[in-house]
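Visitor: Sharing a structure here in structure tokens format.
We did not get these values from a lab; they are worked out from the coordinates using the rules stated. Keep in mind it's a predicted model, so treat the numbers as computed, not measured. A quick note on method: Cβ atoms are made from the backbone with ideal geometry, for glycine too, and the neighbour counts reach across all protein chains shown.
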Number of protein chains: 2
Amino acid sequence: MSEQAIASDRRAVPGDSEFDRDTAVSRREPGVYDIDLRAGWTIGNAVNGGYLLAVLGRALADALPHSDPFTVSAHYLTASRPGPAVVRTETVRTGRTLSTGQASLYQRDEHGDEVERLRVLASYGDLDALPDDVRTTATPPALPPMDQCFGPQDGPTPVAGGSAITGRLMLKLDPATLGWALGAPSGKGEMRSWFGLADGRDADPLSLLLAVDALPPTAFELGLSGWVPTVELTVHVRHRPAPGPLRVSITTRNLAGGFLEEDAEVWDSSDRLVAQSRQLARVRLGRPANRP
Amino acid sequence: MSEQAIASDRRAVPGDSEFDRDTAVSRREPGVYDIDLRAGWTIGNAVNGGYLLAVLGRALADALPHSDPFTVSAHYLTASRPGPAVVRTETVRTGRTLSTGQASLYQRDEHGDEVERLRVLASYGDLDALPDDVRTTATPPALPPMDQCFGPQDGPTPVAGGSAITGRLMLKLDPATLGWALGAPSGKGEMRSWFGLADGRDADPLSLLLAVDALPPTAFELGLSGWVPTVELTVHVRHRPAPGPLRVSITTRNLAGGFLEEDAEVWDSSDRLVAQSRQLARVRLGRPANRP
């Protein structure tokens, strides 16, 4: 407890953190927002899909009468690049318990024409208004203690495929799911990790949209490498996360026809399942996993 | 084989069946379609969400350059009623492998005003163009033979909550997941069933959109009853189903805060995982399960 108290003096907090600054949207007119997509959230040349989801999620939280994302479905159209972008939202329906909105992110191409990057349908509500019944049969991922897990910063075997986004995140992966980084993928479609923001900011519903798409892809443990672009990603936020690190597990059970699904669970420090997601992604087959 | 051959003489076929007639949309102008939602697909007073998804799926198959739904995300806004409706589609992006579209279904209220019932974002492709690699670690649901399973038509314990839609479907539920119908729900969030269309029409990608939302809700086996309205439902169609009955399993692992997720898997007669889905639904807590 005392260690945590000391450390918390230096930690960023929701509202004043890297994640908050980099996902901040500026209202140009009702329902329309400007944003500068930050290069710090890229994987290779492309902006991370979870960061983009958090940007659109923040715009919708402003545009809709409810502020918490309950279920967000994104279809990714073209790869986003760092730089200016505009978010256009539409309020589809407002209700007492739930409101539904739509949002799209656009950037300009080399000819100055607007190109749509992704489109989102989302239903928002108030997490604090939900009853506190919990009948979860799912169990938290079996993760070793954080000091027995490994992140991109840890030697002597740095995680392959390092990207700018790794500097924004606190990722500590279960060694049992890190075989791919040593050239020996397990063949199981699983990845498990401790997750946080590098500056110590605690999770909130918006950062959960990032958490579900921030681990290395399960495809790596299936012996594949290269880009695994998301076609569609849907996130359910089920509870406001407690302070402290999150645990994220992702699982693939059906790699077929050049596509795979990736299911994520996000658990908070009080053993509550706070978010679930599923995505459909394309895979490039036949290549060996990256070696460090 | 001979029995099947005889039976197939009387079976409806894709393109000429109850499902095809009742989901047929009539193009009014490019991208706009008329449909009469049929009373045969209702549960209580509301039109089944899977049937609605198939209706929008058919409109998008016409509007987009690709004809197979790969991933379809629906947000349900208001309950649909039998009767006339209009589907408005928008082509969001067309690509070589995938095209993305949006569709909404509208009906008129008692004042003649249009009310949006559900909105869908979907990415379409060509299932027959996919490579035939399969690395599925998921396993088909453990279902007893069909003659040891029970459907709404079977006595002496008819399934409670019978609705018009049961006459359109061939449902044979695993007795191990039917405790709720006898007043003794298992407490496990699982439901497993053989699935087909009552007139014998074989499955195709469009009817898979129906299959994922056609079983009694897992909530019944959790001891709940009443309506479990879908907030959002996303379906991935992964392969064109082989002829013959499907097996559908649905699972709930996180009933909390008045909401639950329901994951469905649909397996075809050749043991291929042809569709996966997840929905977020609202639940009414505290009531005992219906007794027959």
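Visitor: Across all directions of projection, what mean area in square nanometres is found for the Cα convex hull of the stretch A:159-216?
Guide: Mean projected area for the stretch A:159-216: 4.2 nm², to one decimal.
Visitor: 7 Å along Cα→Cβ for the label point: how many nanometres lie between A:Gln153 and each equivalent label in the other copies, listed shortest first?
Guide: 6.5
Visitor: On average, how many beta carbons from a partner chain sit within 10 Å of the beta carbon of a residue in A:130-136?
Guide: Mean partner shielding for this stretch: 6.
Visitor: Other chains' Cβ within 10 Å of B:35-43 residues: what's the mean?
Guide: Average neighbour count from other chains, rounded to a whole number: 0.
Visitor: Continuing with the same structure: Would you mind checking which residues have amide H under 5 Å from B:Glu232's amide H? H placed 1.01 Å from N; only 5 or more apart, or other chain.
Guide: Residues meeting the criterion, in which the H sits 1.01 Å from N, are B:Tyr76, B:Leu280.
Visitor: Considering chain B as a Gaussian network with a 10 Å cut-off on Cα pairs, which listed residue, B:Asp154, B:Asp62, B:Asp132, attains the greatest mean-square fluctuation?
Guide: In the Gaussian network model the winner is B:Asp132.
Visitor: Same structure again: State, as an integer percentage, the relative contact order of the stretch A:146-282 based on alpha-carbon contacts under 8 Å between residues 6 or more apart.
Guide: Across the stretch A:146-282, relative contact order equals 22 percent.
Visitor: If you take the beta carbon distance between B:Asp109 and A:Asp133 as r and set R0 to 30 Å, what does 1/(1 + (r/R0)^6) give as a FRET efficiency, to the nearest 0.05?
Guide: 0.35
Visitor: To one decimal in nm, how far is B:Asn45 from the same spot in the other copies, if labels go 7 Å from Cα toward Cβ? Please give the shortest first.
Guide: 5.6
Visitor: Please work out which residue of chain A brings its Cβ closest to the axis of the rotation superposing A onto B, and round that distance to whole Å.
Guide: In chain A, the Cβ lying nearest the symmetry axis toward B is A:Ser73, 2.
Visitor: Also, quick follow-up: Of the candidates A:Arg96, A:Arg108, A:Arg240, which one comes out as most mobile in a Gaussian network treatment of chain A with C-alpha springs shorter than 10 Å?
Guide: A:Arg96
Visitor: Jot down the radius of gyration and Dmax of the stretch B:79-138, Cα atoms only, both in angstrom.
Guide: 17.3, 54
Visitor: Scan around B:Gly226 for amide H atoms under 5 Å from its own, H built in the peptide plane at 1.01 Å from N, and keep only partners 5 or more places away or cross-chain.
Guide: B:Asn290
Visitor: For the stretch A:46-187, what are Rg and Dmax over the alpha carbons, in angstrom?
Guide: 19.5, 54
Visitor: Next question, about the same structure. Let me check I have the definition right: for the stretch B:2-126, take the eigenvalues of the Cα gyration tensor, multiply each by 5, take square roots. What are those semi-axes in whole Å, largest first?
Guide: 25, 22, 12
Visitor: If you put a point 7 Å past Cα along the Cβ direction, how far is that point for B:Thr97 from the same point in each other copy, in nm, smallest first?
Guide: 3.9
Visitor: Further, regarding this structure: Only counting other Cβ atoms within 10 Å, I'd like A:Val13, B:Val25, B:Val212 sorted with the fewest neighbours first.
Guide: Final ranking by Cβ density, sparse to dense: A:Val13, B:Val25, B:Val212.
Visitor: Additional query: Treating cross-link reach as a plain straight distance, find the aspartates and glutamates whose alpha-carbon is under 14 Å from the alpha-carbon of B:Lys188, omitting any fewer than eight places away in the same chain.
Guide: Once the sequence-local aspartates and glutamates are set aside, what remains near B:Lys188 is B:Asp174, B:Glu221, B:Glu261, B:Glu262, B:Asp263.
Visitor: How large is the dipole of chain B about the Cα centre if only Lys and Arg carry +1 and Asp and Glu carry -1, each at its Cβ, rounded to the nearest 20 debye?
Guide: Roughly 600 debye for chain B.
Visitor: Quick one: P(r) of the protein assembly as shown from all Cα-Cα pairs, 20 Å bins, percents rounded to integers, in order of increasing distance.
Guide: Histogram of Cα-Cα distances, whole percents per bin: 21, 56, 22, 1.
Visitor: Now a separate question. With a 10 Å cut-off between alpha carbons and a GNM built on chain B, which of B:Leu280, B:Leu246, B:Leu56 moves the most?
Guide: B:Leu280
Visitor: Expressed in whole Å with the largest first, what are the equivalent ellipsoid semi-axes of the stretch A:146-282 derived from the C-alpha gyration tensor as the square root of 5 times each eigenvalue?
Guide: Taking √(5λ) for each Cα gyration eigenvalue gives 22, 19, 12 Å.
Visitor: Using the count of nearby Cβ atoms within 10 Å as a rough guide to exposure, how do A:Arg88, A:Arg21 rank from fewest to most?
Guide: The fewest-first ordering by Cβ neighbours comes to A:Arg21, A:Arg88.
Visitor: Search the structure for amide H atoms under 5 Å from the amide H of B:Ser67, placed 1.01 Å from N in the peptide plane, and list their residues when 5 or more places away or on another chain.
Guide: B:Gly125
Visitor: Any idea what diffusion coefficient chain B gets from Stokes-Einstein, in µm²/s, Kirkwood Rh on alpha carbon pairs, 10 °C, 1.306 mPa s?
Guide: Estimated via Stokes-Einstein, D reaches 82 µm²/s.
Visitor: Considering the options A:Ala198, A:Gln279, A:Leu246, tell which one lies farthest towards the positive end of the dipole of the stretch A:191-285, charges being +1 on Lys and Arg and -1 on Asp and Glu at the Cβ, about the Cα centre.
Guide: Farthest towards the positive end: A:Gln279.
Visitor: By the scheme Lys and Arg +1, Asp and Glu -1, what is the net charge of all other residues having a beta-carbon under 12 Å from that of A:Thr23?
Guide: -1
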